[in-house]
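Heads up, the thing below is written out as C-alpha cells.
The values are calculated or read from the model by the stated rules, or taken from the named source; none is laboratory data. On a predicted model such as this, the values are computed, not experimentally measured, just so you know. For neighbour counting, all protein chains shown are included, and Cβ atoms are generated from backbone atoms with ideal geometry for every residue, glycine included.
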Amino acid sequence: MGELYYRIYYTIYRILIHLSNDDSDDPKFAATLILSFFVMLNALTILFLLIAIIKISFIVNNKLHSVIFLIAILTLNFYLRKKLSYLEVSHSESWSKIGSKSFLITIGYFILTVALFVCLLFYIKPNPITK
C-alpha cells in the first residue's frame, strides 16, 4: 500500500512539474496538498460508511475533533513528503518507465475516491455534512 501511495504522490508531483510555468511554484508542496485532500476524502468516506452501518456519529458533529483530524492527516502527509525526497532519487528511473501506468492509477484513484464519497453522501440519510 505504501508503494501505491508514493507512486500516486510521485505521479502528481511529475504532472505538476510538467504543468509548472514558473520556478516559484513548489510542486512538492502542491502535490502534498492535493494528495492530502484525497486522503481526507477517503477518511471521510470511511467515517460516513461507519455512520451508515453503526448509526453513530464519530467526528462529524464536533468541529474541534474534525479540525484535529484534518490537521493530523496534513501532518502525516507532510512527514511522508520528506521521505519521498529519498524515494524520488532511488525510484525515479523505474517510475519513469511505467509512467503511463502510474498516470492511469492516479486518475483512477481520483475518480474512485470522489465517486465513493459522493455516492455515500447520497446514500446516508440524514446527510452528516448538512446535519
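In a residue-by-residue description of region 66-75, the property of being under 20 Å from residue 116 (Cα atoms), of a type in the set (S, T, N, Q), modelled with pLDDT of 80 or more and part of a helix (DSSP H, G or I) applies to no position. For region 81-114, give me each residue that is farther than 13 Å from residue 13 by Cα, at pLDDT 65 or above and surrounded by 11 or more Cβ atoms within 10 Å (Cβ to Cβ). 83, 98, 101, 104, 105, 107, 108, 109, 110, 112, 113, 114 - these are the residues of region 81-114 that are farther than 13 Å from residue 13 by Cα, at pLDDT 65 or above and surrounded by 11 or more Cβ atoms within 10 Å (Cβ to Cβ).
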